[in-house]
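A short write-up of the structure that comes next.
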Amino acid sequence: AWRSRSSRNRTVTGVAAGVPALPKTSRPAPRRTNAATQWLPPLGLIVLSLIPVLAGSVRLTELMGGPEITANNARFVAAPIPFTVHMVSVTLFSLLGAFQFVPSLRRGRPSWHRLAGRILVPAGVLVALSGLWMNFLYGHPPGDGESLVVVRFIVGSLMLASIVLAVLAIRRRDFASHGAWMTRGYAIALGAGTQAFTMLPWVVIFGPIGAADELPRTVLMTAGWVINLGVAEYVIRRRRARPPNRKSATAGLAPVAVAA
C-alpha cells in the first residue's frame, strides 16, 4: 500500500512538472473610482469658470439696461451680438464641459457623454470664433496693446484648431487623441478664470492696470493661458500613462466625446 501511494505521488508530481507555468502578469486590477473624490476636479473647474461667467453676466445685464457709454463698454454697446454669443457659448462650454471630467459619467454613461459632446463642440467653436471676431473688430480698451492682440489671435486659433482636430480624431475612433485635443481646447476656454489670479497680485500691489501697463497686462494674461495649457498637458500625459482596461477602451478616455 505504501509503495502504491508513493508511486501515485510520483506520477502526480511528474504530470504537474510537465504542465507549463502560466506567465505572471503585472497588470494591476481595475482601479475603483471614489464616488466623492471624482467630483472634486469638476467642482474646481466650475468654480474657476464662474469667475468670468459672473463677470460676463454683469456686463450683459448692463448692456440690456441701456448703460452710459464709457471707454470700457463702448465696443460692447456698439456691437453687442458678438459679445453675447461669446458669453453664452463660453458659459455652456465651461460649465457643461466640467462634468465630462467625472469618470462615472464618462465611462458609465456613454450616451450622456456623446450627447454632451454634440453640444460642447459647437459651443467651443462659437467661443473661438466670437473671440477672434472681437479681437480684431472691437476697439481696444486702455491697456490692450498690439502684443495682446497677437497673443489672443494665437490662443483663439489654437482653441479652434484643437476642437477641429478632436472631431477628426473621434471620427477615426482615436479616443485618446480626441480627449487630448478637447482637453487643450477646454483649458484655453478657462483662461479668463486663471487670469483673475495671475493679475491679482499686480492689482493689489500697483493698482488697476491702465493704458500705460500694456506689457504687464499682456504678460499676465498670457501666463493664465500658459498655466492652463501646462496643466492640460500634465493631465493628458498622466492619462496616457495609465494601463489600458476594457472599460476605457470601449467608453473612451476623452473628457468630451462626439458621436462619429
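The values are calculated or read from the model by the stated rules, or taken from the named source; none is laboratory data. A quick note: this is a predicted structure, and the numbers were derived from the prediction, not measured. Neighbour counts are summed over all protein chains in view; Cβ atoms, including those assigned to glycine, are modelled from backbone coordinates with ideal geometry. These accessible areas exclude ligands, DNA and RNA; they are computed on the full protein's heavy atoms, side chains included. Shrake-Rupley method; radii C 1.70, N 1.55, O 1.52, S 1.80 Å.
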(Q) Checking Ala98 against (1) over 17 Å from the mean Cα position of the chain (by Cα); (2) free of Cβ contacts under 8 Å to residues at least 60 places away in the same chain, only one condition comes out false. Which one? (A) (1)
Q. How many of the residues in segment 234-246 are assigned to a helix (DSSP H, G or I), exposed (fewer than 14 other Cβ atoms within 10 Å of the Cβ) and among the basic types (Lys, Arg)?
A. 4
Q: Give the number of residues within segment 128-150 that are in contact (Cβ under 8 Å) with a residue 24 or more places away in the chain, surrounded by 16 or more Cβ atoms within 10 Å (Cβ to Cβ) and either assigned to a helix (DSSP H, G or I) or within 15 Å of the chain's Cα centre (by Cα) (or both).
A: 8
Q.
With the structure loaded, tell me whether Thr222 is at pLDDT 95 or above and either assigned to a helix (DSSP H, G or I) or among the acidic types (Asp, Glu) (or both) or whether it fails that test.
A. yes
Q.
Among (1) closer than 28 Å to Arg242 by Cα; (2) at pLDDT 80 or above; (3) of a type in the set (Lys, Arg), there is one condition Arg27 misses while meeting the rest; what is its number?
A. (2)
Q: Could you look through segment 30-65, keep only residues that are open to solvent by 80 Å² or more (accessible area, probe 1.4 Å) and in a loop (DSSP other than H, G, I, E, B), and pick out the one that is modelled with the highest pLDDT?
A: Asn34
Q) Here are Ala176, Ala212, Ala249: which of them is assigned to a loop (DSSP other than H, G, I, E, B) and modelled with pLDDT under 95? A) Ala212
Q: Identify, by number, the condition in (1) closer than 19 Å to Leu126 by Cβ; (2) touching a residue at least 12 places away in the same chain (Cβ under 8 Å) that Ala161 doesn't meet.
A: (2)
Q: Taking Arg171 as the residue in question, decide whether it is open to solvent by 40 Å² or more (accessible area, probe 1.4 Å), modelled with pLDDT of 90 or more, farther than 21 Å from Met221 by Cα and not hydroxyl-bearing (Ser, Thr, Tyr).
A: yes
Q) Would you pick out the residues in segment 68-126 that are open to solvent by less than 20 Å² (accessible area, probe 1.4 Å), over 30 Å from Asp144 (Cα atoms), part of a loop (DSSP other than H, G, I, E, B) and not aliphatic (A, V, I, L, M)? A) none
Q: Give the residues of segment 180-233 that are within 17 Å of His140 (Cα to Cα) and open to solvent by less than 20 Å² (accessible area, probe 1.4 Å), sorted by residue number.
A: Thr218, Met221
Q. Name the pairs: first residue in segment 29-58 and under 11 Å from Val102 (Cα atoms), second residue among the aliphatic types (A, V, I, L, M) and modelled with pLDDT under 90, Cβ to Cβ under 7 Å, at least 6 apart or on different chains?
A. Gln38/Val102; Trp39/Val102; Pro42/Val102
(Q) Scan segment 188-195 and tell me whether some residue there is more than 24 Å from Leu215 (Cβ to Cβ) and part of a helix (DSSP H, G or I). (A) yes
Q) Does Val204 meet the test of being part of a helix (DSSP H, G or I), within 21 Å of Ser157 (Cβ to Cβ) and among the β-branched types (Val, Ile, Thr)? A) no
